[in-house]
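The values are calculated or read from the model by the stated rules, or taken from the named source; none is laboratory data. Remember, predicted model here, so these are calculated numbers, not experimental data. Neighbour counts run over all protein chains shown; Cβ positions are idealised from the backbone, glycine included. Ligands, DNA and RNA are excluded from the accessible area calculation, which covers all protein heavy atoms including side chains. Shrake-Rupley method; radii C 1.70, N 1.55, O 1.52, S 1.80 Å.
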Amino acid sequence: MASRTFRIQGAAGIKPAFRTAYDLVTGLMRDAGTGYELVLRPLKSKRSIDQNKRYWALLLELSDIAWIDGKQFSKDAWHEHFKREFIGIEELPGGGQIGISTAKLSVEEFGNYMTRIEQWSAEQGWPLMADGE
């Protein structure tokens, strides 16, 4: 069985989430006869729509102004570059690599990620959002 996640965002959601989890585990244990683990952790908020719009605006601006060895790169290329540079890499089957998804970042982590991109860009001589966007 794949893992299941039950999100509880208010007091009214506690009982239905635990009832659903209880019913699920009861059925699974009857059929499979094995144990399961229940993990509780704080709900991680995802980045906001405004953060997402600003992020892609940063990358678009960088793709318009940055030149490396006589070449410019797309916002998607910069997106992949910064994921690898500042978040990390994930190994792919067959030996390839991809940057870890920005979707795994909380609102605060994503804000810090954008700040690192802006700092890096300024250090390269390409200050972003200089007009206050």
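Quick notes on this one:
- Relative packing of 55-62, 92-99, which averages over residues the other C-beta atoms within 10 Å, highest first: 55-62, 92-99
- Largest mean-square fluctuation among Ile14, Ile49, Ile117, in a Gaussian network model of the chain whose springs join Cα atoms under 10 Å apart, belongs to Ile14.
- Per-residue SASA entry for Lys75, accessible area with 1.4 Å probe, Å² rounded to 10: 80 Å²
- Electrostatic dipole magnitude of the chain [Cβ: Lys, Arg +1; Asp, Glu -1; Cα centre; debye, to 20]: 860 debye
- Whole-number accessible area per residue in Å² for the chain, which is evaluated in the context of all protein chains at 1.4 Å: 71 Å²
- Stretchable slack from Asn112 to Asp76, in nm (0.36 nm times residue separation minus alpha-carbon distance): 11.0 nm
- Positive end of the dipole of the chain (Cβ unit charges, origin at the Cα centre): among Ile68, Thr26, Phe6, the Cα lying farthest that way belongs to Thr26.
- For the stretch 79-92, putting each phi into the Karplus relation 6.51 cos²θ - 1.76 cosθ + 1.60 with θ = phi - 60° gives couplings of 4, 5, 4, 5, 4, 5, 6, 10, 10, x, 10, 10, 6, 9 Hz, in residue order, rounded to whole numbers and with x for Gly and Pro.
- Accessible area of the chain belonging to carbon and sulfur atoms, whole % at 1.4 Å probe: 53 percent
- For Phe82, solvent-accessible area (1.4 Å; no DNA, RNA or ligand), Å²: 0 Å²
- Gyration tensor verdict on the stretch 31-115 (Cα atoms; rounded if a/c is under 1.5, prolate if a/b is larger than b/c, oblate otherwise): oblate
- Student exercise, the stretch 1-79 dipole from Lys, Arg, Asp, Glu Cβ charges, in Debye to nearest 20: 400 debye
- When all protein chains stay in place and ligands, DNA and RNA are ignored, the 1.4 Å accessible-area order of Arg41, Arg4, largest first, is Arg41, Arg4.
- Residues with amide H under 5 Å from that of Ile89, placed H, sequence gap 5 or more: Ile100
- Förster-model FRET efficiency, 22 Å R0, Phe18 and Asp50, C-beta, rounded to 0.05: 0.05
- Label-point gap, in nm, between Arg41 and Phe6 - each point 7 angstrom along Cα→Cβ: 1.8 nm
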